[in-house]
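One structure is given below, encoded as structure tokens.
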Amino acid sequence: MRDIKKEQQKLQSRYRQHLNRIKSQYKFYDKELALLMGFNIDQADYVRQMRSGKAEIFTCDMITLSKNLILEHNDSSLLQEMVPDEFIGFAVSGGMTNGCVNDEINNITMYSGQILQEGLKDNPDSQFIVRKAEKIASESATIKNEVKS
């Protein structure tokens, strides 16, 4: 049977490790970390309490932190660490829009064909396949940006 309290304690411990890693990696003050987590500057003491284990860290705050790290520092490491085992998580931004969705569709088709071709080989290169899948995701994001415009 699952022990929810133990699972919650492990999750809080992981979140604290992430906060402390990010703080030391970027040499953030607690005020800067508070802003990245979606708080006001005057809640820096609350962030310090989170990092020391005296306050609970909510998943929504970690998601906000991950989003802001991606947007402001192009760092998707927290996102990748929060993705469950056996899944892949990465952030993709769209390329330059040219107003022609057909170009992106053609590129997606081309990359899909390259993935299929690589998959049929005796020893397919998984890194090649991942790179092409990332390009497909980037082209998809570009289409999304073009449709919004």
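The values are calculated or read from the model by the stated rules, or taken from the named source; none is laboratory data. If you're wondering where the values come from, they're calculated on a predicted model, not measured in any experiment. Don't worry about glycine lacking a Cβ; one is built from the backbone with ideal geometry, like all the others, and counts go over all protein chains shown. When the accessible area is computed, the model is the full protein with side chains, heavy atoms only, and any ligands, DNA or RNA have been set aside. Shrake-Rupley method; radii C 1.70, N 1.55, O 1.52, S 1.80 Å.
At the listed q of 0.10, 0.16, 0.20 Å⁻¹, the Debye profile of the chain, built from one uniform point per Cα, gives log10 I(q)/I(0) equal to -0.53, -0.93, -1.13. Mean separation of Cα pairs under 8 Å and 6 or more residues apart, divided by the residue count, gives the chain a relative contact order of 18 percent. Nearest 10 degrees is fine. How inclined is helix 4-26 to the longest principal axis of the chain, computing both from alpha carbons? Tilt relative to the chain: about 80 degrees.
Close amide H partners of GLY95, meaning residues 5 or more places away or on another chain with modelled amide H under 5 Å apart, are THR142.
Only Cα pairs within less than 10 Å get springs; with that Gaussian network setup on the chain, which residue of GLU118, GLU134, GLU56 has the largest fluctuation? Greatest mean-square fluctuation among the candidates belongs to GLU118.
Only helices enter the 222 nm calculation for the chain: every DSSP H run of n ≥ 4 contributes -39,500 (n - 2.57), and dividing by all residues gives -22500 deg cm²/dmol, rounded to 500. Only Lys, Arg, Asp and Glu carry charge here, each on its Cβ (+1 for the first two, -1 for the last two); on that basis the chain has a dipole of about 640 debye about its Cα centre.
For LEU120 and GLU56, FRET efficiency with R0 = 41 Å and r from the beta-carbon atoms, rounded to 0.05? Rounded to the nearest 0.05, the efficiency is 0.20.
With 29 Å as the limit on Cα-Cα distance, the pairs of LYS31/LYS132; LYS31/LYS67; LYS67/LYS135 that go past it are LYS31/LYS132. Here the accessible area of the chain is 53 percent carbon and sulfur, with a 1.4 angstrom probe and all protein chains present. I'd like the orientation of helix 59-73 relative to the chain: the angle between its Cα long axis and the longest Cα principal axis, in ° from 0 to 90, rounded to 10. So the inclination is approximately 60 degrees. Compared with the dominant principal axis of the Cα atoms in the chain, helix 126-148 is inclined by about 90°. Which shape class applies to region 85-149: rounded if a/c is under 1.5, otherwise prolate when a/b exceeds b/c and oblate if not, where a ≥ b ≥ c are the square roots of the Cα gyration tensor eigenvalues? The shape class here is oblate.
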